[in-house]
Amino acid sequence: MIESLSNPLLSANAQGWSLCRGGCAVMCAVLAVTFLSGCGAEPDSQAVVRDNGDIEPARGSGNLKLSGKLVLTGSSTVAPLAVEIAKRFETEHPDVRVDVQTGGSSRGIADALSGVADLGLASRALKKDEVEQGLVGHQLAIDGVSVIVNADNPLSSLTSGQVVQLFTGAITNWSELGGEDADVVIVNKAEGRATLEVFLNHFGLKNEQITADVVVGDNQHGIKTVAGNRLAIGYVSIGAAQSEADLGTPIRVLPVDGIELTTENVASGAFKITRPLLIVSKGEPTGLAAAFLDYAKSPQMHDLIRAQGFEAVTQ
Amino acid sequence: MKQSRSNSWLNGDRWLERLLRLAAAMSGCLTLLIVAFVFWQALPALRDPGVARFVSDSVWRPTDETAPQFGMTPMLVGSGLVTLGAVLLATPLALFSVIVAEFYSSRTLAWLLRRVLELLNGVPSVVFGFWGLVVLVPLINAWHPPGQSLLAGILVLTLMLIPTVALATDASLRAVPNELYRSAAALGIGRGAVVWKLAVPLARRGMVAGVLLGAARAVGETMAIVIVCGNIVQMPDSLFDPVRTITANIALEMGYATSGHRAALFATGLLLMLTSSLFVAGAGLLRRRRGRR
């Protein structure tokens, strides 16, 4: 009995090992080859970037043949929009490659300052010391921050005061607002997130005052947390909230002080929890970066901006 | 004719060997470079606030302009508890499932069980995290809000550790010499005694090594933990309290961290690397000893 069981197992074992070794060897070889070829390609693309600096500045002219590589890094809110703009830009200028990397507004600002990126992406206004270091913010669009609750929450609206009371722990039970008798679950954003800064600024709060039960990273994390918890209340970018709500995710956007969250209200300024979405450059941009910036700010981009759930700015 | 063929074979082999050596050297160097880079980035924090303040400061407020605070004891405790809980849960589950596969099931069932374990091993951690957030967290929330908690982290991590521990245990059980089983069968020893008195004691070192490898993975796990643990920097009073682990802290804050704050995060990264290399070294040591015997 035992013999019949273990005998085939053993032979299978020996085979398994040699197979595994072979597989590892192949994997290593593949890795090495990709790595080597990656190394070979690197200097080329670098050279293109360097060449690119020598291109004559051609502000706004679409006729000049543009080529080279442009690196944009920063806010995870702006990045999806920047990717869409970059795609369109690349189809019009086939010799141009635009790389968009995310990592948060602070990274975008730091990278633009250090020159790691040609342009930074930020979803908040620049601070005074950042402007003093020579950064220029170019506004692409406006985003709003909206308070969201689970779809099962009976609440239909909140006042600013109630939002503050909820987030600072003065109200800890939904029954105090006419809901069910259960504890409120406060979903806060991780420190350094632009949404957090906008939210705190608008309600005049400090992060230490917030009695959070859950801390989340990006918008999707926040939305999924509120969607999975009928007692939760949080805040996310309106673009993300609206598209998710339209997809049937069980969340509801709550009007604050009776102002419905619509992109029109955001555009008119009636909805006040807003933030600018910026492309950041060190000094005034030149060459390819300037051409891309003009393109991104042109009215032809408004459909892309609206498709992302943001509101375009008209200068 | 035959001679030349074998020669070309040899040549091919030699090339492959060179390629493999190169690949091995490269991955070794890369690892050392990473360690050196992390150390170099962490150096300012190791000098200025210093390691002592990571423990002695009472709160984690690294961005405070006047007096930054670097207390990370709650996060160390968080990482420790999540890892400990997951290892404690995953070890018996993995052990039993492997023993069942090896000794108590038909060949088909054993095959199926192994494939399932391998499949589980291949699931990306973000998928585990997402599953935890949409399935597990609401369940825990219904029981005891807020749902995102130490418990959720332990349960999700347990699922992720089972295959790691199980596959290592499986390998060490299979390494038990076949003659011993035959001798046991010849002596008329029952299956239970064979499993618990023969196979398990002989494979024990390998099993412990597997558990250590699992612990190394648990300490470093990030994505799933960020999603389900709630990330509040606090000492948990119960299993239902949210916690923030060291890894989650790095993932949440590295994106925007600058200067001193960044260096402090790298210092915690260095600590993680040390911890998990200790586990891996322990596992390696156990395995080598067994090999010698």
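The values are calculated or read from the model by the stated rules, or taken from the named source; none is laboratory data. Because the structure is predicted, anything quoted here is derived from the model rather than measured. Note that each Cβ is placed from the backbone with ideal geometry, even for glycine, and that neighbours are counted across all protein chains shown.
Reported count of residues in the range B:214-266, each being more than 10 Å from chain A (Cβ to nearest Cβ), modelled with pLDDT under 90 and buried (at least 21 other Cβ atoms within 10 Å of the Cβ), is 0. Of the residues making up the range A:208-221, those that are within 22 Å of A:T159 (Cβ to Cβ) and more than 8 Å from chain B (Cβ to nearest Cβ) number 3. Among the residues of the range B:113-147, the ones that are surrounded by 15 or more Cβ atoms within 10 Å (Cβ to Cβ), within 16 Å of the chain's Cα centre (by Cα) and of a type in the set (V, I, T) come to 0 in all.
When residues in the range B:232-279 are screened for being closer than 16 Å to B:W40 by Cβ and among the charged types (D, E, K, R), 1 of them pass.
Any residue at all in the range A:77-96 that's of a type outside the set (D, E, K, R), in a strand (DSSP E or B), more than 30 Å from A:N229 (Cα to Cα) and touching a residue at least 40 places away in the same chain (Cβ under 8 Å)? Within the range A:77-96, one or more residues are of a type outside the set (D, E, K, R), in a strand (DSSP E or B), more than 30 Å from A:N229 (Cα to Cα) and touching a residue at least 40 places away in the same chain (Cβ under 8 Å). The residue pairs whose first member lies in the range B:31-53 and is within 18 Å of B:S277 (Cβ to Cβ) and free of Cβ contacts under 8 Å to residues at least 40 places away in the same chain, whose second member is exposed (fewer than 12 other Cβ atoms within 10 Å of the Cβ) and not charged (D, E, K, R), and whose beta carbons are closer than 9 Å, counting only pairs six or more residues apart or on different chains, do not exist in this structure. Among the residues of this structure, A:L140 does not count as one that is under 30 Å from A:L261 (Cα atoms), within 13 Å of chain B (Cβ to nearest Cβ), crowded, with 20+ Cβ neighbours inside 10 Å and within 24 Å of the chain's Cα centre (by Cα).
For the range B:202-293, which helices (runs of 4 or more DSSP H) that fit wholly inside it have 1 or more residues that are polar (S, T, N, Q) and more than 17 Å from the chain's Cα centre (by Cα)? Talk me through it step by step, then tell me what you get.
Values: elements: B:204-220, B:223-228, B:246-253, B:259-292.
Those helices (runs of 4 or more DSSP H) span B:246-253, B:259-292.
To keep it simple, each residue is scored yes or no on (1) more than 20 Å from A:Y295 (Cβ to Cβ); (2) modelled with pLDDT under 90.
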residue: A:L121; (1), (2): no, no
residue: A:R124; (1), (2): yes, yes
residue: A:I142; (1), (2): no, yes
residue: A:V145; (1), (2): yes, yes
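One residue stands out in the range B:64-112 among those that are buried (at least 19 other Cβ atoms within 10 Å of the Cβ) and polar (S, T, N, Q): the one that is nearest to A:K206 (Cα to Cα), namely B:S79. Take the residues in the range B:148-173 that are among the polar types (S, T, N, Q) and closer than 25 Å to A:D213 by Cβ, then tell me which one is surrounded by the most Cβ atoms within 10 Å (Cβ to Cβ). Among those that are among the polar types (S, T, N, Q) and closer than 25 Å to A:D213 by Cβ, it is B:Q148.
In the range B:123-146, is there at least one residue being more than 13 Å from every other protein chain (Cβ to nearest Cβ) and of a type in the set (G, A, S)? There is at least one residue in the range B:123-146 that is more than 13 Å from every other protein chain (Cβ to nearest Cβ) and of a type in the set (G, A, S).
What do you reckon, is B:L81 closer than 20 Å to B:D241 by Cα and among the hydrophobic types (A, V, I, L, M, F, W, C)? So that I can check it myself, show each step before the final result.
Working: closer than 20 Å to B:D241 by Cα: yes; among the hydrophobic types (A, V, I, L, M, F, W, C): yes.
For B:L81, the condition - closer than 20 Å to B:D241 by Cα and among the hydrophobic types (A, V, I, L, M, F, W, C) - is met.
All conditions in (1) away from chain B (no Cβ under 14 Å); (2) modelled with pLDDT of 75 or more; (3) part of a helix (DSSP H, G or I) hold for A:A112, with the sole exception of (1). For the range A:203-223, the criterion of being over 19 Å from A:G161 (Cα atoms), acidic (D, E) and at pLDDT 90 or above is met by at least one residue.
In the set A:I259, A:I273, A:I251, which member is of a type outside the set (K, R), under 27 Å from A:L155 (Cα atoms) and without any contact (Cβ under 8 Å) to a residue 60 or more places away in the chain?
One residue alone meets the criteria, A:I259.
In the set A:A232, A:A241, only one residue is out of contact with any His (no Cβ under 9 Å at 6 or more places or on another chain), over 20 Å from A:A182 (Cα atoms) and either in contact (Cβ under 8 Å) with a residue 12 or more places away in the chain or at the interface with chain B (Cβ under 10 Å from one of its Cβ atoms) (or both); that residue is A:A241.
Residues in the range A:182-206 that are under 20 Å from B:D241 (Cα atoms) and surrounded by fewer than 16 Cβ atoms within 10 Å (Cβ to Cβ) were compared, and the one that is farthest from the other protein chains (Cβ to nearest Cβ) is A:A182. For the residues B:T63, B:T73, the requirement of being of a type in the set (S, T, Y), at pLDDT below 90 and at negative phi singles out B:T63.
May I ask you to verify whether B:E253 is farther than 17 Å from B:T83 by Cα and of a type in the set (D, E)?
Working: farther than 17 Å from B:T83 by Cα: yes; of a type in the set (D, E): yes.
So B:E253 fits the description; yes.
The set of residues in the range A:213-223 that are touching a residue at least 12 places away in the same chain (Cβ under 8 Å) and under 22 Å from the mean Cα position of the chain (by Cα) comprises A:V214, A:V215, A:V216, A:G217, A:D218, A:N219, A:Q220, A:G222, A:I223. Among the conditions (1) of a type in the set (A, V, I, L, M, F, W, C); (2) within 11 Å of chain B (Cβ to nearest Cβ); (3) farther than 16 Å from A:G144 by Cα, A:L177 misses just one, which is (2).
Within the range A:287-315, residues that are in the same structural domain as A:E84 (by TED's automatic domain parsing) and assigned to a helix (DSSP H, G or I) reach partners that are of a type in the set (D, E, K, R) and crowded, with 22+ Cβ neighbours inside 10 Å with beta carbons closer than 6 Å, at six or more positions or on different chains, in the pairs A:A289/A:D118.
Applying the criterion of being touching a helix residue (DSSP H, G or I) at 6+ places or on another chain (Cβ under 7 Å) and assigned to a helix (DSSP H, G or I) to the residues of the range A:155-181, the residue that is surrounded by the most Cβ atoms within 10 Å (Cβ to Cβ) is A:V163. Among the conditions (1) in the same structural domain as A:S175 (by TED's automatic domain parsing); (2) under 26 Å from A:L304 (Cβ atoms); (3) among the charged types (D, E, K, R), the only one that A:K282 does not satisfy is (1).
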